[in-house]
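The values are calculated or read from the model by the stated rules, or taken from the named source; none is laboratory data. Bear in mind the structure is a predicted one, so any value in this text is a computation, not a measurement. A quick note on method: Cβ atoms are made from the backbone with ideal geometry, for glycine too, and the neighbour counts reach across all protein chains shown. Keep in mind that these areas ignore ligands, DNA and RNA; they rest on the heavy atoms of the full protein, side chains included. Shrake-Rupley method; radii C 1.70, N 1.55, O 1.52, S 1.80 Å.
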Amino acid sequence: MDVAFPAGEGNLFATCSKETIRVWVTDTSSEVLRITVPNMTCHGVCFMQDGRSIISAWNDGKIRAFKPESGTELYTIHDAHKQGVTAIATTNDSSRIVSGGGEGQVRVWDISPKHQQMKAAMKEHKGVVTCIKIRKENMECVSASDDGTCIIWDLNRFVRNQIIFSNTLFKAVCYDPFESQLLTGGSDRKISYWETLDGSQIREMEGSADGSINGLDISADGNYFVSGGNSRKVKVWKYNEGDVTHVGLGHSGDITRIKVCPNSKHIISVSADGAILRWRYPF
């Protein structure tokens, strides 16, 4: 399960699970679109920044793009990754997709309406790429992997800028709004803050008493962040102090992803049992 909001738009969100992608109205929790690819599994979903397409990552190694109004398929990138596409992100100018695969590669794709072409393949991860985030100026991205590394990549030269090692299977990574720090979560139940400049660790906190941290998201103002994982609890934290302010109970399955909506009204969490929960954002 994954969840995504369009850029700067909190009224709609998309989720993916097994063979379907669904688009929902945030305030009413009503489904407005369902896209089905039979007998496949969707590992990730995101919106192109211009809002004109939904980009999705699939276990058959394909990246599929759909129209958000009708669900019509726009294009398919075949053989994007050998062992399935496991993570996906788009640049702010809507000209590129960055994808991660089960074999550990991070690939950059140039996207236009008529052509989708691979620009670069970056091979350093030894395990599955679990999460990718791109900086606002599109010059850099970070990929998390369950091989215990997060790598910051230069998207101009397509080389590694920094690498972070930790004794964990990384499941989630995100930039803070000022993009000077990274927040990571993984199987060791820790939430860690890292310096993007040199990859040094700033702080490590106990994120959960039981089970891995699978989802993290930072609020638009950078004052709070949310976490979710195998403990099945949604937690809201103060970013600077590292204190938990609220805990949400409601999931009966492991939380796989969590997002704060761009207008800071709601938190959406999704879990492995197919549940989608909408929470009131407390600040």
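Carbon and sulfur atoms: what percent of the 1.4 Å accessible area of the chain do they account for? C and S atoms contribute 45 percent here. Taking segment 70-207 as the region of interest, the number of lysine pairs whose Cα atoms are within less than 18 Å, with members eight or more places apart or on different chains, is 8.
Working out 0.36 nm times the residue gap between residue 275 and residue 195, then minus their Cα-Cα distance, what length gain in nm do you get to one decimal?
Details: separation 80, 0.36 × 80 = 28.80 nm, distance 3.44 nm.
That pair, residue 275 and residue 195, stretches by 25.4 nm at full extension.
Students often get this wrong: which residues of segment 163-179 have the backbone nitrogen under 12 Å from the point 7 angstrom along Cα-to-C-beta of residue 202? Under 12 Å, as judged by backbone N against the label point of residue 202, lie 175-179 of segment 163-179.
Assuming charge only on the beta carbon of Lys and Arg (+1) and of Asp and Glu (-1), the dipole of segment 182-232 about its Cα centre is about 180 debye to the nearest 20. Note on residue 135 and residue 154: the model spin-label points, each 7 Å out from Cα along the C-beta direction, lie 1.1 nm apart.
Assign unit charges at the C-beta atoms only (+1 for Lys and Arg, -1 for Asp and Glu), then state the dipole size of the chain relative to its Cα centre in Debye, rounded to the nearest 20.
On the way: 32 positive and 33 negative charges, 94 e Å.
Computed charge dipole of the chain: roughly 460 debye.
Over all directions, the projected convex hull of the C-alpha atoms in the chain averages 12.9 nm² in area. In plain terms, the chain from residue 221 to residue 28 could stretch by 67.0 nm, reckoned as 0.36 nm per residue minus the Cα-Cα distance.
Spin-label model, residue 19 to residue 110: label points 7 Å out along the Cα-to-beta-carbon direction sit 3.6 nm apart. Take the Cα of residue 245, step 7 Å along the line toward its Cβ, and report every residue of segment 190-221 whose backbone nitrogen sits under 14 Å from that point. The answer is 218-221.
Before I look further, what does segment 97-162 give for accessible area per residue, probe 1.4 Å, in whole square angstrom?
Numbers: 2810 Å² over 66 residues.
Ligands and nucleic acids excluded, the figure is 43 Å² per residue.
Within the shell defined by Cβ-Cβ distances under 11 Å, the residues around residue 147 carry a net charge of -1, with Lys and Arg each +1 and Asp and Glu each -1.
Near residue 253, within a Cβ-to-Cβ distance under 14 Å, what is the net charge of the other residues, with Lys and Arg +1 and Asp and Glu -1? Walk me through the numbers on the way to the answer.
On the way: positive: 18, 232, 233, 257; negative: 254, 273.
Result for the neighbourhood of residue 253: +2.
Seen from residue 53, the other residues with C-beta closer than 12 Å to its C-beta sum to a net charge of 0, counting Lys and Arg as +1 and Asp and Glu as -1.
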